[in-house]
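Visitor: Pasting a structure here, questions to come.
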Amino acid sequence: MMQRFQGVQKVEVFVRNLVQSLFQSPDISEAASYEIWRHRFIHQRLSLGVGLAFIAYLTFTLSQLNNLWFNPENFKLAWLITQMSVELGLLGGFILLRTAIGVRYPAFVFLLLTWLVTLSPQIRATIAGFSRPAIIEWPLTFFSLATLIPVCWPLHFIGQAGTFIYYLGTQILFNLEVEYPSDWMTSDFLFLYFFWICLISNLSVYLYDRLARSEFNSRLALEQAYQQLQVEQERSEALILNILPVPIAQRLKQKPVKTIADNFTNAGVLFGDIVGFTELSGKMPPAELVQLLGQIFSRFDHLADKHHLEKIKTIGDAYMVVSGLPIPKEDYAERIADMALDMQKTILEFNAETGQKFQMRIGIAIGPVVAGVIGLKKFIYDLWGDTVNIASRMESHGIANEIQVTETTYHALKDDYSFERRGSILVKGKGEMTTYLLKGKKS
């Protein structure tokens with residue numbers, strides 16, 4: 001029972017997907033212009049039209065076979081042959097639409113199939129030696145095509161014109177007698193009848209085509225505007241992520257708040273400062289000096305990314321970076337130490353490349369901090385706490401080209417890093433403090 005139910009579900013899904021593929025229009029976003037979209041639309045709807053026409057002719061074929069078996073007096077062999085010939089032609093057209101020619105030239109297939117349906121009974125009549133206007137088949141075909149493929153009215157007009165050219169041309173060439181469906185019909189009546197049928201069908205196609213073009217252009221403009229909006233949004237998000245850490249930016253997006261403040265027990269804070277920058281600014285053009293400083297800090301930014309640290313800010317010629325937040329890390333002390341050592345190497349390499357003589361003081365302290373965002377304008381992710389103040393003092397009371405660290409930092413790193421004891425120094429606001437100079441990493 002369950003297997004039968006699953007089988008029915010699979011059939012339903014197959015039929016649903018088939019119907020959607022037949023009736024769904026081509027995606028506007030995949031077409032660069034309306035002409036390209038219309039080309040694909042004609043090809044797609046032709047497949048649907050051929051399928052419906054084949055089913056319709058098949059029902060008439062079954063009707064003739066029913067007459068053959070049960071009502072022989074109503075059976076007409078010529079009709080059966082014509083219907084089966086059209087069915088074979090429709091099968092051929094369906095196959096042709098799947099080929100490269102059918103995909104590239106759907107308008108050509110449209111005309112072939114139009115004339116296949118409208119001219120088959122005419123050819124049968126021509127062979128029989130007379131001409132008969134199809135007052136049912138032609139209007140039905142023209143209106144059906146206008147409904148299924150309501151674009152490119154000149155294509156419909158050519159298909160209709162081809163039908164009437166054959167109808168009138170065979171009369172002239174073979175001097176065929178015209179058999180009207182009813183005695184009261186005249187050539188004038190038929191002219192007006194088909195004239196208005198063609199006019200109405202072509203006019204409806206023309207109006208729909210204009211509407212489709214307008215809708216395409218509107219939706220295309222909307223798609224382009226949406227894509228541009230996405231680009232601008234990505235650019236804005238990239239700018240925000242360049243200012244704030246990813247977790248903080250996500251929290252602000254999900255729930256905007258006036259203040260974000262998080263406590264971190266284990267964090268490493270580093271301050272780096274260019275020695276003698278103030279004196280240097282008086283000897284060098286400002287633009288050149290700022291450019292050099294920008295090059296140095298850009299290299300520091302790459303180092304921060306390399307060690308997965310969070311750059312906090314630059315203050316003049318000072319650079320501030322922190323480890324262990326906003327995502328806590330067990331090796332936060334090692335990361336901040338490696339950053340400091342790499343900053344020293346970077347300054348030496350920069351001086352060798354540019355011929356400058358920049359020197360840096362670097363200070364490090366580890367411990368608890370508060371990190372977050374405050375204020376209403378010009379958001380910045382900042383740090384507060386005693387650890388931050390001590391790290392700043394380590395830098396300001398440091399030595400050029402040295403990395404001064406607190407005793408706490410020394411004890412956290414002494415097993416893997418080399419230090420030199422500087423001794424006790426007087427630190428503003430803290431009194432006497434024992435500090436160490438980080439020299440490198442033990443091999």
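The values are calculated or read from the model by the stated rules, or taken from the named source; none is laboratory data. Every value quoted in this text rests on a predicted model; they were computed, and no experiment measured them. Cβ sites come from the backbone with ideal geometry, for glycine too, and all protein chains shown count toward neighbours. Areas reflect the complete protein model, heavy atoms only, side chains present, ligands, DNA and RNA absent. Shrake-Rupley method; radii C 1.70, N 1.55, O 1.52, S 1.80 Å.
Visitor: Please go through region 188-234 and pick out each residue that is in contact with a helix residue (DSSP H, G or I) (Cβ under 8 Å, 6 or more places away or on another chain) and open to solvent by 100 Å² or more (accessible area, probe 1.4 Å).
Guide: The answer is 219, and nothing else.
Visitor: With respect to residue 283, is the statement that it is part of a loop (DSSP other than H, G, I, E, B) and of a type in the set (Lys, Arg) true? If you could, list the steps in order and put the result at the bottom.
Guide: On the way: part of a loop (DSSP other than H, G, I, E, B): yes; of a type in the set (Lys, Arg): yes.
Answer is yes for this residue.
Visitor: Working only within region 251-275, note down all residues that are modelled with pLDDT of 85 or more and either part of a loop (DSSP other than H, G, I, E, B) or open to solvent by 40 Å² or more (accessible area, probe 1.4 Å) (or both).
Guide: 265, 266
Visitor: Now, a different point. From the residues in region 146-175 that are touching a helix residue (DSSP H, G or I) at 6+ places or on another chain (Cβ under 6 Å) and aliphatic (A, V, I, L, M), which one is surrounded by the fewest Cβ atoms within 10 Å (Cβ to Cβ)?
Guide: 148
Visitor: Let me ask something additional. Taking the residues in region 356-395 that are open to solvent by less than 70 Å² (accessible area, probe 1.4 Å) and acidic (Asp, Glu) as candidates, determine which candidate is nearest to residue 346 (Cα to Cα).
Guide: 395
Visitor: Give me a count of the residues in region 299-327 that are in contact with a helix residue (DSSP H, G or I) (Cβ under 8 Å, 6 or more places away or on another chain) and either at pLDDT 90 or above or not in a loop (DSSP other than H, G, I, E, B) (or both).
Guide: Number satisfying all stated conditions: 13.
Visitor: Do we have residue 296 as open to solvent by less than 50 Å² (accessible area, probe 1.4 Å) and at pLDDT 85 or above here?
Guide: Working: open to solvent by less than 50 Å² (accessible area, probe 1.4 Å): yes; at pLDDT 85 or above: yes.
Answer is yes for this residue.
Visitor: Of the numbered conditions (1) surrounded by 12 or more Cβ atoms within 10 Å (Cβ to Cβ); (2) within 45 Å of the chain's Cα centre (by Cα), residue 185 fails exactly one; give the number of that condition.
Guide: (2)
Visitor: Among the candidates 314, 278, which residue alone is under 23 Å from residue 397 (Cβ atoms) and open to solvent by 70 Å² or more (accessible area, probe 1.4 Å)?
Guide: Numbers: 314 fails: open to solvent by 70 Å² or more (accessible area, probe 1.4 Å).
The unique qualifying residue is 278.
Visitor: Restricting to region 406-425, name every residue that is over 13 Å from residue 394 (Cβ atoms) and open to solvent by 30 Å² or more (accessible area, probe 1.4 Å).
Guide: Step one: filter region 406-425 for residues over 13 Å from residue 394 (Cβ atoms), giving 411-421, 423-424.
Hits for region 406-425 are 411, 412, 414, 415, 416, 418, 419, 420, 421, 424.
Visitor: Could you please let me know if residue 213 is within 36 Å of the chain's Cα centre (by Cα), closer than 30 Å to residue 31 by Cβ and assigned by the TED database to the domain that holds residue 124? Before you say what the answer is, go through the steps one by one.
Guide: On the way: within 36 Å of the chain's Cα centre (by Cα): yes; closer than 30 Å to residue 31 by Cβ: yes; assigned by the TED database to the domain that holds residue 124: yes.
Yes: the conditions hold for residue 213.
Visitor: If you don't mind, another one. Using the structure shown, decide if residue 306 is of a type in the set (D, E, K, R) and either surrounded by 18 or more Cβ atoms within 10 Å (Cβ to Cβ) or more than 24 Å from residue 407 (Cα to Cα) (or both).
Guide: Details: of a type in the set (D, E, K, R): yes; either surrounded by 18 or more Cβ atoms within 10 Å (Cβ to Cβ) or more than 24 Å from residue 407 (Cα to Cα) (or both): yes.
Yes.
Visitor: With within 25 Å of residue 206 (Cα to Cα) and open to solvent by less than 20 Å² (accessible area, probe 1.4 Å) as the only criterion, which of 102, 93 stands out?
Guide: Working: 93 fails: within 25 Å of residue 206 (Cα to Cα).
Criteria check complete, one pass: 102.
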